[in-house]
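What follows is a short report on a single structure.
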Amino acid sequence: MKRIVIYWSSTGNTESMAERIASDLGCDAINVSNISVDDVSTYDEVILGCPAMGAEELEDDEFKPFYDEFIANYSDKKIGLFGSYGWGDGEWMRNWEEDVKSKGGALVASIIANGDASEMDESLYQDFLNKLNS
Ligand SMILES: Cc1cc2nc3c(=O)[nH]c(=O)nc-3n(C[C@H](O)[C@H](O)[C@H](O)COP(=O)(O)O)c2cc1C
């Protein structure tokens, strides 16, 4: 299966998750600023990462436009989601999951971390990897 991790990160927490996920899945992690939506056409599985920004929202300058174009064109891909958050309770991820599903996206798994990659719940993380690998 051909897969890729695409992420946005300001202070490096989501980037650290991207690197760990890509390493464990054996694929590349690429910053969203270095890829266009059309580039994902050849991948079977796309794993997207963005932290909670705004008020429980996706980062709206770079990542949200990418995601909106992606989901409008490639909702048939297997999709994984991840990201870091701070003071909230993960609401942005619940909203994001609902958005993917409402647009017909094949959501496979998601994982969040309250901080960097070391803050992921290990059993939830193994479950996330297993789902993406199956
Ligand atoms: C402008 C801004 C808005 C944020 N909004 C939220 C939020 O709504 N909920 C939340 O839990 N954390 C929020 N945070 C905290 C970030 O999600 C958190 O610091 C995260 O680890 C940043 O990830 P990064 O290091 O990948 O950029 C916000 C941070 C910033 C700078």
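Gain on full extension, evaluated as 0.36 nm per residue between I35 and K103 minus their Cα-Cα distance, stands at 22.3 nm. Based on DSSP H segments of at least four residues, each scored -39500 (n - 2.57), the chain has a per-residue ellipticity at 222 nm of -11000 deg cm²/dmol. Remark on I111: its backbone amide H falls under 5 Å from those of L81, F82, G83, a criterion applied only to residues 5 or more positions apart or on other chains, H modelled at 1.01 Å from N.
Determine the sum of side-chain charges near M17: Lys and Arg each +1, Asp and Glu each -1, restricted to other residues whose C-beta is under 10 angstrom from that of M17. Walk me through the numbers on the way to the answer.
Working: positive: R20; negative: E15, E19, D116, E119.
That works out to -3.
Scalar couplings 3J(HN,Hα) for the stretch 44-55, obtained by applying the Karplus form with A = 6.51, B = -1.76, C = 1.60 to θ = phi - 60°, are 8, 10, 10, 10, 9, x, 7, x, 5, 10, x, 10 Hz; x denotes Gly and Pro. Under 5 Å from the amide H of G90 lies no amide H of any residue 5 or more positions distant or on a separate chain, with H modelled from the backbone and absent for Pro and chain starts. Projecting label points 7 angstrom from Cα along Cα→Cβ for S134 and D68 puts them 3.5 nm apart. Each residue of the stretch 66-72 was assigned a 3J(HN,Hα) from its phi angle through the Karplus curve 6.51 cos²θ - 1.76 cosθ + 1.60 (θ = phi - 60°); the sequence is 4, 4, 4, 5, 4, 5, 5 Hz, with glycine and proline shown as x. The calculated FRET efficiency for the pair K2 and A55, based on their C-beta separation and a Förster distance of 35 Å, comes to about 0.50. Fully extending the segment from D28 to S10, taken as 0.36 nm per residue of separation minus the present Cα-Cα distance, adds 4.6 nm. Per-residue Karplus couplings for the stretch 114-121, computed as 6.51 cos²θ - 1.76 cosθ + 1.60 with θ equal to phi - 60°, are listed in order as 8, x, 8, 4, 5, 8, 5, 5 Hz, Gly and Pro entered as x. Label positions at D89 and L124, each projected 7 Å from the Cα along the C-beta direction, are separated by 1.3 nm.
A short reminder: the numbers here are calculations on the coordinates, not readings from a lab. Since this is a predicted model, take the numbers as computed values, not measurements. No Cβ is skipped: glycine too gets one built from the backbone with ideal geometry, and neighbour counts run over all protein chains shown.
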